[in-house]
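Some notes on the structure that comes next.
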Amino acid sequence: MKRLIILIMPLFLSSHYLVAQRVDTSGMEYKRLHKEVSTNVRITMRLIDSVCEAIFTLVTIPVRDGQTGDSLTFTGKHQPYLQESFQRLVPRLRSIDWRQIFPDIKERDYDILLPYTYGFEAKECFDTLSTRAIKHKLSYELHLRQGSRVPSYVLPAMGITFWGRQWSKTGK
Amino acid sequence: MFPSICSRESYLLSVIALILGMTLLSCSKEDETPQSAQDELSQAKSWWASVQHAEMVLDWEHALEKKNPELVVVPVIWNSNLLTGGLSTRKLVILKDSLQRREGLIIQVIPNSDYYKENGARFFAGSFNGSLIELDLNLQYRDGAYYVDGQRKYPAKLDHYPSREAYEHSPKTEGCTYSSTAYYSAGVVTVVGTSVCSSTYFGGGGGGGTGKGADRHPWEDFIDEGDFPSEGGSDPTPYIPNSVTDIKNHLTTPCFKTTVTDLIYKAGAQSAISQIIWGMFSASDKVNLSIYEEELRPSEDGVTSGGQSGGYVNIDITLNSTGLANASKEYIAVTMLHECLHAYFNVKNKWPLEDANYVQHQAMAGMYVEVMADALQQTYPTISRSDAIDLAWGGLDKSLAWKNIVTSNPSEANRILLKNQAYKNGSSGTKCN
């Protein structure tokens, strides 16, 4: 029996398009999406060395005429490596049936919004975002989207915590 | 007297009638009688108990006994799911020759998906499509063929791979095309690879092939004749593991790719470390290993890093693309083995402590130098034991065990360092380019 778990509402009442949304996080489709995102986003060792800053971004996945589009957009600081990682996911995102995750989708044109964070819990870099900070940033980003011409459906936040460079084999 | 004569004649007639009746009854059931079947089954059971065989559960209640040829077919209760959906089944066939000697073999039926949809996992001699594999009683491969419409067409090879991806990365012979059927049982993915090469083609239809494999086996017509339970006792719900591709190889440098393939993916890669890695990463859907290459710090040969995301643990091994540019295959391999052990420790011990690198190197130096050397020799049999051991010490220079060597035998420590340098700069070992 399907369980519709999450009702996203409180933050979004100011937006015409972000009304109460049912998100089915217990279904197979959401689990598939969750696994794809959780296991395929990576940044390189070089960047782990040079970047030590937790990031929040709102990823917009456009769906037009029922088809998931190619061009994802990201809010916040420009993070090309993160975009590259997500862009590689696009073929897999195309196979996601968004209506199974958002049973209320009626339209052919809409945006799926994915709040995404990444942080570091490494010896040389420790920087993460609190749940409160994530909510605050999400609220701000959604506020900026007011007036959007297509409705938006917001996924629960996902993210990754990098453990950094911890084990290496050195050669003389 | 008369009554007694009549009585004697009646008695004789009754005996004759009884014998005739028994004969007729016997004929009406062709070659089979319940008593003899029972005897034969009992003898087959006794024989089975007396021979050496792999552990398996037999469904004797649904055994079938046949004469001409004399054989007993017993379903093996075995839960094996084809990755494409459907099931594979096994049966024990016990053959008896004219001298009453018995021989046993295990027949495994691996239908292709279309055949399975129509017929299930049963072998129908005239129409079977899929692979039929013959195993000995210890489940070692003896023979196998891919059937098209009931005809043996191509030789089928049975290889054990830790995953489907491992099979796909295994070396292929030029001039042959390959198809595969994979099944999953007891945590292991086994791939039946059918190599279709012109030299191995069994021949055309009609059973008149030219190869030795074209001859039909005596049991083929009978193995699924009995009233067997639908799938040999297996769970009829197909289970498709979603973790078989959880080791992802993102390497691009050809030598790195082939080395990692040799080490982890190759069919013969059965080393302890290979088993550990596959067992760990393919057994859990929540743990993933990815192998990358990039320019690392000059002193680093490889780095193991990781991250946690939504309940998934993602471990990355990164090889130094510039630092290992001239390295021999053996050196690249030992670097991979070293990093694989880091990955293993990390997953096994959850997230490590602050000094994980130090702690793990202690463990490697204390317990895994020989294991790494074994794996190296298994992958590259030409490397000497001494060189394999020396390479396994690479990267363990902070360990107490290494410091003991330096203190107690500095010349040996120096030799090991020089050996590592030689393999790293390519002056020793198998060259990549």
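Could you tell me whether any residue of segment B:66-73 is modelled with pLDDT of 85 or more and either part of a strand (DSSP E or B) or aromatic (Phe, Trp, Tyr) (or both)? Lay out the reasoning, then the answer.
Kept after step one, since they are modelled with pLDDT of 85 or more, are these residues of segment B:66-73: B:72-73.
Adding the requirement that they be either part of a strand (DSSP E or B) or aromatic (Phe, Trp, Tyr) (or both) leaves B:72-73.
Checked against the condition, which is being modelled with pLDDT of 85 or more and either part of a strand (DSSP E or B) or aromatic (Phe, Trp, Tyr) (or both), segment B:66-73 yields at least one hit.
From the set of residues in segment B:395-433 that are of a type in the set (D, E, K, R) and surrounded by 15 or more Cβ atoms within 10 Å (Cβ to Cβ), which is nearest to residue B:364 (Cα to Cα)?
Keep residues of segment B:395-433 that are of a type in the set (D, E, K, R), which gives B:397-398, B:403, B:412, B:415, B:419, B:424, B:431.
This time we only want the ones that are surrounded by 15 or more Cβ atoms within 10 Å (Cβ to Cβ), so: B:397, B:419, B:424.
Working: B:397: 11, B:419: 19, B:424: 20 Å.
Ranking the candidates gives B:397 first.
Just to be sure, is residue A:61 of a type outside the set (S, T, N, Q), at pLDDT 80 or above, within 30 Å of residue B:322 (Cβ to Cβ) and buried (at least 17 other Cβ atoms within 10 Å of the Cβ)? Talk me through it step by step, then tell me what you get.
On the way: of a type outside the set (S, T, N, Q): yes; at pLDDT 80 or above: yes; within 30 Å of residue B:322 (Cβ to Cβ): no; buried (at least 17 other Cβ atoms within 10 Å of the Cβ): yes.
It is false that residue A:61 is of a type outside the set (S, T, N, Q), at pLDDT 80 or above, within 30 Å of residue B:322 (Cβ to Cβ) and buried (at least 17 other Cβ atoms within 10 Å of the Cβ).
Look through B:344, B:368, B:292 and report the one residue that is assigned to a helix (DSSP H, G or I), under 30 Å from residue A:157 (Cα atoms) and either open to solvent by 10 Å² or more (accessible area, probe 1.4 Å) or modelled with pLDDT of 85 or more (or both). Steps first, please.
Details: B:368 fails: under 30 Å from residue A:157 (Cα atoms); B:292 fails: assigned to a helix (DSSP H, G or I).
B:344 is the lone residue from the list that is assigned to a helix (DSSP H, G or I), under 30 Å from residue A:157 (Cα atoms) and either open to solvent by 10 Å² or more (accessible area, probe 1.4 Å) or modelled with pLDDT of 85 or more (or both).
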For this session: Could you name every one of the strands (runs of 3 or more DSSP E) located completely within segment A:91-172 that has at least 3 residues being within 14 Å of another protein chain (Cβ to nearest Cβ) and among the β-branched types (Val, Ile, Thr)?
Result: A:158-170
Seminar exercise, completed: Within segment B:248-281, restricting to residues that are within 16 Å of the chain's Cα centre (by Cα), modelled with pLDDT under 65 and open to solvent by less than 30 Å² (accessible area, probe 1.4 Å), the one that is nearest to residue B:316 (Cα to Cα) is B:278
Exercise. Given the conditions (1) in a helix (DSSP H, G or I); (2) modelled with pLDDT under 85, which single one is not true for residue B:374?
Worked result: (2)
Exercise. Using beta carbons and a limit of 8 Å, which pairs, at least six apart or on different chains, have the first residue in segment B:419-433 and farther than 16 Å from residue B:321 by Cα and the second one among the β-branched types (Val, Ile, Thr)?
Worked result: B:429/B:383; B:430/B:382
Exercise. List the pairs whose first member sits in segment B:386-399 and is facing another protein chain (nearest Cβ under 10 Å), whose second member is in a loop (DSSP other than H, G, I, E, B), and whose Cβ atoms are under 9 Å apart, counting only residues at least 6 apart or on separate chains?
Worked result: B:394/A:171; B:394/A:172; B:395/A:171; B:397/A:172
Exercise. Given (1) away from chain A (no Cβ under 14 Å); (2) in a helix (DSSP H, G or I); (3) charged (D, E, K, R), where does residue B:431 come up short, assuming only one miss?
Worked result: (2)
Exercise. Among the residues of segment B:298-324 satisfying the criterion of being in contact (Cβ under 8 Å) with a residue 40 or more places away in the chain and more than 9 Å from chain A (Cβ to nearest Cβ), which is nearest to residue B:263 (Cα to Cα)?
Worked result: B:319
Exercise. Quick check, is residue A:47 surrounded by 18 or more Cβ atoms within 10 Å (Cβ to Cβ) and part of a helix (DSSP H, G or I)?
Worked result: no
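Yes or no: residue A:117 β-branched (Val, Ile, Thr) and more than 19 Å from residue A:60 (Cβ to Cβ)? Full working, then the answer.
Numbers: β-branched (Val, Ile, Thr): yes; more than 19 Å from residue A:60 (Cβ to Cβ): no.
For residue A:117, the condition - β-branched (Val, Ile, Thr) and more than 19 Å from residue A:60 (Cβ to Cβ) - is not met.
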Exercise. What do you reckon, is residue A:150 in contact (Cβ under 8 Å) with a residue 12 or more places away in the chain, closer than 18 Å to residue A:42 by Cβ, in contact with a strand residue (DSSP E or B) (Cβ under 9 Å, 6 or more places away or on another chain) and surrounded by fewer than 18 Cβ atoms within 10 Å (Cβ to Cβ)?
Worked result: no
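For (1) out of contact with any strand residue (DSSP E or B) (no Cβ under 6 Å at 6 or more places or on another chain); (2) at positive phi; (3) not assigned by TED's automatic domain parsing to the domain that holds residue B:419, each residue gets a yes or a no:
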position: B:311; (1), (2), (3): yes, yes, no
position: B:317; (1), (2), (3): no, no, no
position: B:322; (1), (2), (3): yes, no, no
position: B:326; (1), (2), (3): yes, no, no
position: B:331; (1), (2), (3): yes, no, no
position: B:341; (1), (2), (3): yes, no, no
position: B:377; (1), (2), (3): yes, no, no
For this session: Please work out which residue is modelled with the highest pLDDT, limiting yourself to segment A:107-135 and to residues that are open to solvent by 70 Å² or more (accessible area, probe 1.4 Å) and touching a Lys or Arg at 6+ places or on another chain (Cβ under 9 Å).
Result: A:108
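The values are calculated or read from the model by the stated rules, or taken from the named source; none is laboratory data. The shown structure was predicted, so the numbers you read here are calculated from the model rather than taken from an experiment. Cβ atoms come from the backbone with ideal geometry, glycine included; neighbour counts cover every protein chain shown. The area values use the complete protein model at the heavy-atom level, side chains included, leaving out ligands, DNA and RNA. Shrake-Rupley method; radii C 1.70, N 1.55, O 1.52, S 1.80 Å.
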